[in-house]
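All of the numbers you see were taken from the coordinates with simple rules; none came from a lab. Quick caveat: nothing in here was measured; it's all calculated off a predicted structure. A quick note on method: Cβ atoms are made from the backbone with ideal geometry, for glycine too, and the neighbour counts reach across all protein chains shown.
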Amino acid sequence: MFRIVLIVSFIYSVHLFAQQDFQVYQDSIINLSNLAVKGETDEERNTASKQLSNVLIRVLSQEASFNYSFDAVKSIAILNSPDKAFRLFNWNEPQENGTYLYYCIIQSYNKKTKKTDVFQLNDDQRKNNNRLMVEQSNMQYPHWYGALYYQILYNKNKKEKYYTLLAWEGKDKLTTCKIIDALHFNKNGEPEFGSQIFPTYNEEKGYDDKTMCSRIIFEYANQTSMSLKYDAEKKQIVYDFLAPADESYKGKYAYYGPDMSYDALQFKKGRWILIEKVEPKNKKD
């Protein structure tokens, strides 16, 4: 009996030590994330972001960290997938010229190796000014179209798993973007972004359900706001339809904003199907 008590006490002590260890890491993450987002200069913010990335990689590589919530961290987004298979540590670093740098680290559990995998993404796709190419491209790890995620959706079709991401992107001083992207993990357990499961939109022809794209980018004027939300009751992604203030501004997104109508996407048989002119659950949202 005494031996059992000693073993239980030892296990509890190890668990308590691990929790205290993660608490120390969490304090460092809080301090660095505050500096990365709110630092006074580009240099200060960038240095903090690099240090934050290093700390996150070090702590998230520890097996026990997968079950630690880090719920006291508020300056960066920590999103868990609905099926608890992975989570995202994601933040944006403001720049003095009105743009942002984006960072994302993915922590996932590999069922084959029964180990925790950590992936640091490289935001090198936003430099591509060819929007059509970006919307059509699938990006393999470590490449990624940088954005700030605020929701992960999970769908299944037969044996295939689909993760859909809703995101915000502060593009520059003139325009802002909302993004619908796709994420899946390949046979090696590595993350890949983009999947041709979304309807394509053309300024002249409108939507095309036959030609699918890998992600959808909505771009609009900074002085306006756009709603892009998931209606769990209807199982739809509902969003404002964007239009230019005048036909002469077509293609100039600094003049785009909501036209007071709403479209939606609904997941059916492995892809998102367009539903035009829907009534949102709460227009005030």
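Miscellaneous remarks
- The distance linking the stretch 218-265 with the stretch 37-108 is 28 Å (Cα centroid to Cα centroid, whole angstrom).
- The string of couplings for the stretch 151-167 from the Karplus curve (6.51, -1.76, 1.60, θ = phi - 60°) is 7, 10, 9, 10, 9, 10, 9, 6, 9, 7, 9, 10, 10, 10, 10, 9, 9 Hz, one whole number per residue in order, with x for Gly and Pro.
- Toward the positive end of the charge dipole of the chain, with +1 on the Cβ of Lys and Arg and -1 on the Cβ of Asp and Glu, the farthest Cα among Thr116, Tyr249, Ser69 is that of Thr116.
- Qualifying aspartates and glutamates (Cα of each under 12 Å from Cα of Lys178; at least 8 residues distant if same chain): Glu169, Glu219, Asp240
- Shown here: the stretch 166-224, whose C-alpha atoms stretch 43, 28, 13 Å along the first, second and third principal axes, sorted largest to smallest.
- Each Lys and Arg adds +1 at its Cβ and each Asp and Glu adds -1 at its Cβ; summed about the Cα centre, the chain shows a dipole of about 1320 debye.
- Rh by Kirkwood over Cα pairs, then Stokes-Einstein D for the stretch 140-285 at 1.567 mPa s and 4 °C, µm²/s: 81
- Convex hull (Cα only) mean projected area of the chain, reported in nm² to one decimal: 18.2
- Given Lys112/Lys161; Lys173/Lys229; Lys74/Lys234; Lys111/Lys235; Lys84/Lys115, the pairs whose alpha carbons are separated by over 19 Å: Lys173/Lys229; Lys74/Lys234; Lys111/Lys235
- Think of the stretch 150-285 as having a plus end and a minus end, set by charges on the Cβ of Lys, Arg, Asp and Glu; of Leu166, Met226, Leu153, Leu153 sits farthest toward the positive end of this dipole.
- Assuming charge only on the beta carbon of Lys and Arg (+1) and of Asp and Glu (-1), the dipole of the stretch 150-285 about its Cα centre is about 680 debye to the nearest 20.
- Most simply put, the chain has about 95% antiparallel DSSP beta bridges, counting only bridges with both residues inside it.
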